[in-house]
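Encoded as structure tokens, the structure appears first; notes follow it.
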Amino acid sequence: MDGEQRVGEGRAGWIRVPVGAEAARWATRGRCRTVLFVVHNVASATRLLDVLPLFRDDLRVQTLVTCTGSSAFRGGVAKLLAGTGLAVLPWDQAVATPVDLAISASFGGQLGSIAGKLTVLSHGVGYTKRLATPDTGHR
């Protein structure tokens, strides 16, 4: 089977549970909604960790996390994600996995590639604030 993948092996680096072709085989509960936290850097990750408790204890929700890899400031992200206890999906697996809701705290990366509804939270004071334009005296 050189060059071929056997059923259920997935792609290199992809996780097999709680998502994937054979994930249902290992599931201890069914009919879960999936929520994907989309991280760009540590600043956006810490904002998403603020809202994680809203989902963590709800057994109807399967929480996942991924990093777009699009930020120049990714230092510390992998360590932070490993400490969350969430299933960490590689970006290419995350965009191939349908989710009920994706939550990001940044507009960076290919968010349009996510297969599901998306909401974007601000990750700091003024992040989505409009800057004032110079007053030209005309209204």
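No value in this document is a laboratory result; all are computed from the given coordinates. The structure presented is a predicted model; accordingly, all values stated were derived computationally and were not measured. When we count neighbours, we look across all protein chains shown, and the Cβ atoms used for this are built from the backbone with ideal geometry, even at glycine.
A few remarks follow.
- For the range 36-98, the square roots a ≥ b ≥ c of the C-alpha gyration tensor eigenvalues yield an a/c of 1.5 or more together with a/b not exceeding b/c, which makes the shape oblate.
- Around the amide H of LEU118, modelled in the peptide plane, lie the amide H atoms of ALA102, all under 5 Å away and 5 or more residues distant in sequence or on another chain.
- Amide H within-cut-off set for THR63, under 5 Å, with H built and near neighbours excluded: VAL35
- Sites SER122 and ARG25 - FRET efficiency at Förster radius 35 Å, r taken between beta-carbons, to 0.05: 0.35
- HN-Hα J in Hz across the range 56-66 - Karplus 6.51, -1.76, 1.60, θ = phi - 60°, x for Gly and Pro: 4, 8, 8, 5, 8, 10, 9, 9, 10, 9, 8
- Each peptide in 39-50, 90-101, 109-120 gets a packing score, the mean of other Cβ atoms within 10 Å over its residues, and the list from highest to lowest is 39-50, 90-101, 109-120.
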